[in-house]
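The values are calculated or read from the model by the stated rules, or taken from the named source; none is laboratory data. Everything quoted here is computed from the prediction, not taken from an experiment. Ideal geometry is used to build each Cβ from the backbone, glycine not excepted, and the neighbour counts take in all protein chains shown.
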Amino acid sequence: MKAGAKRFLARTLAGLCFGIISSPGEARAELPAYREGEIIVKYRDGVNRSFHQLKSVYQRLSVVNVQRFESAPFKNFETLSIDTSAITLAQAADELVRDPAVEYVQPNFILTAHREPPSAPALAAEIPAGGPAIDSAPKDPTNLGDPAQKKAWGISKVGADKAWAKQKGSREIIVAVIDSGVDYNHPDLADNMWRNPAASRRLKTGVDGAGSDIAGDIVGWDFVENDNRPYDLSGHGTHCAGTIGAVGGNGKGISGINQRVSIMAVRFLNASGSGATSDGIKAIDYAISRGAKVLSNSWGGKGSLNRALRDAVARSEKAGVLFVASAGNDGTNNDRVPSYPGAFDLPNVIAVAATNSADALVSFSNFGANSVDLGAPGYDIYSTKPGGGYQYLSGTSMAAPHVAGAAALLWAQDPQASYADIKRRLLDSGDPLASLEGKTVSGKRLNVVRALAAE
């Protein structure tokens, strides 16, 4: 494609993103929610931008703040905060895409947790400012059972309790819970929290939103507060983490799909369960940089123009990482009205619908014969809660961690497998359900026992 055509395409996409272009006679589609006054800019690879050039652009566009990502893998991204009393976002975007150095521009879309009901009381008032200190890793548990295991019906529905005779999981497999954080001191999670081997030496091995090196990330990172205490202030991420890997056999609560695993807490959703695309991108790239094999993502947003998020998911594919995502809770067809990131047409994505204990597709669950891969339990799911407790939650948010946990269990069994092997085995080995036929790619609900036995 010639340079002029590329610039025209970039301007057209920017116009569509900001609602400044629409087809003749058509009503403009409602723009998904985004952070007021913020835009994400992606510069072309290999472009050198001098301080003088950038300063001139910022002054012309009334930029009041810049988040610049100077290190790989997202060195060409910036998030600009614009003084919208002087210029509109649409005007700023239109001017930016005229610059040959700019690949694309988009709003900083808001992403939200896929829980039901969508809003829930935040726990912030109960938590010390900045999150509690991170306790030392506890000793390995002895085989004392899990007294509340029967309440976690989803674990047995997918056959994980039977699979433990063959594979209990491995701490060598890292699952990043990209979410609202995790209660890393929870008695039923602490022993399965990822512990960064470089943290004690304070090695600088990553970047934060300001371009500074991250150091001291012990169990993960908080991209909301930009610190090393990714504590959960909403209960959403902790619940997801318990389904993936609540410690098995420690005499407390339940076991997750994995009795042993390493859970990395990566926080970008706030106490209300929402977060910006820019922080979601940082969370994804951070998890990749720290060696996560599975990314569990129980959140999303409507709209097909979130290219920056798609680029981040594509980077996870290049790194050999499996990206598990909830399908969404609108009760709609993702083939027609996509919910992303689950609906991204990328080979490493598994989008998960929610089923109930009777194996019916739950009414709130999104579906899609071409865009949602399989089902998993997502209604009245019992799992861990911040502060050491447990609770029932519903949503495709609760379904996705069952699949993320199953992927980790398969990788523990076969560490050399590719993400494509793991995905194929998960989809091919499920239990066929009439409720999912024509509603998902596989027409099946997750079956962990059969997945472990699959070749």
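Yes or no, residue by residue, for (1) modelled with pLDDT of 95 or more; (2) farther than 30 Å from Ala163 by Cα; (3) of a type in the set (Asp, Glu); (4) not assigned by TED's automatic domain parsing to the domain that holds Trp411:
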| position | (1), (2), (3), (4) |
| --- | --- |
| Asp217 | no, yes, yes, no |
| Glu225 | no, yes, yes, no |
| Asp232 | yes, no, yes, no |
| Thr238 | yes, no, no, no |
| Lys252 | yes, no, no, no |
| Gly256 | yes, no, no, no |
| Met264 | yes, no, no, no |
| Ala276 | yes, yes, no, no |
Restricting to the range 263-292, count the residues that are farther than 20 Å from Tyr340 by Cα, in contact with a helix residue (DSSP H, G or I) (Cβ under 7 Å, 6 or more places away or on another chain) and either surrounded by fewer than 24 Cβ atoms within 10 Å (Cβ to Cβ) or polar (S, T, N, Q) (or both). 1
I'd like to know if the range 360-381 contains one or more residues that are in the same structural domain as Thr243 (by TED's automatic domain parsing), hydrophobic (A, V, I, L, M, F, W, C), more than 28 Å from Leu233 (Cα to Cα) and surrounded by fewer than 15 Cβ atoms within 10 Å (Cβ to Cβ). no
Of all residues making up the range 332-346, the number that are in contact with a Lys or Arg (Cβ under 7 Å, 6 or more places away or on another chain), assigned to a loop (DSSP other than H, G, I, E, B) and within 17 Å of Ile178 (Cβ to Cβ): 1
Filter the range 289-326 down to the residues that are part of a loop (DSSP other than H, G, I, E, B), of a type outside the set (A, V, I, L, M, F, W, C) and free of Cβ contacts under 8 Å to residues at least 60 places away in the same chain and list them by number. Ser304
Output for Cβ contacts, cut-off 9 Å, separation at least six or different chains, first residue closer than 16 Å to Gly37 by Cβ in the range 55-67, second assigned to a strand (DSSP E or B) and hydroxyl-bearing (Ser, Thr, Tyr), reads Val63/Ser81; Val64/Ser81; Asn65/Thr79; Asn65/Ser81; Val66/Thr79; Val66/Ser81; Gln67/Thr79; Gln67/Ser81
Within the range 25-33, can one find any residue that is farther than 29 Å from Ser289 by Cα, surrounded by 14 or more Cβ atoms within 10 Å (Cβ to Cβ), modelled with pLDDT of 55 or more and in contact with a Cys (Cβ under 9 Å, 6 or more places away or on another chain)? yes
Determine, yes or no, whether Asn329 is of a type in the set (S, T, N, Q), in a loop (DSSP other than H, G, I, E, B), modelled with pLDDT of 95 or more and more than 20 Å from the chain's Cα centre (by Cα). no
Across the range 155-179, what is the total count of residues that are under 21 Å from the mean Cα position of the chain (by Cα), of a type outside the set (A, V, I, L, M, F, W, C) and crowded, with 24+ Cβ neighbours inside 10 Å? 1
What pairs come up if the first residue lies in the range 393-409 and is touching a residue at least 60 places away in the same chain (Cβ under 8 Å), the second is among the acidic types (Asp, Glu), and their beta carbons are under 7 Å apart, counting only those six or more places apart or on different chains? Ser394/Glu116; Ser394/Asp380; Gly395/Glu116
Filter the range 411-430 for residues that are without any contact (Cβ under 8 Å) to a residue 60 or more places away in the chain and in contact with an Asp or Glu (Cβ under 9 Å, 6 or more places away or on another chain) and give the result. Asp414, Asp421, Arg425
Log entry, pairs with first residue in the range 25-52 being part of a loop (DSSP other than H, G, I, E, B), second being of a type outside the set (Phe, Trp, Tyr) and at pLDDT 80 or above, beta carbons closer than 7 Å, six or more apart or on different chains, reads Pro32/Gly301; Pro32/Lys302; Ala33/Ile110; Arg44/Ala101; Arg44/Glu103; Asp45/Asn76; Val47/Ala101; Arg49/Ala101
A careful count of residues in the range 184-215 that are touching a strand residue (DSSP E or B) at 6+ places or on another chain (Cβ under 7 Å), assigned to a loop (DSSP other than H, G, I, E, B) and modelled with pLDDT of 90 or more gives 5
Any residue in the range 53-61 that is assigned to a loop (DSSP other than H, G, I, E, B), modelled with pLDDT of 90 or more and either in contact with a helix residue (DSSP H, G or I) (Cβ under 9 Å, 6 or more places away or on another chain) or not β-branched (Val, Ile, Thr) (or both)? yes
Please determine whether any residue of the range 407-418 is among the hydroxyl-bearing types (Ser, Thr, Tyr) and either within 25 Å of Thr112 (Cα to Cα) or not assigned by TED's automatic domain parsing to the domain that holds Arg315 (or both). no
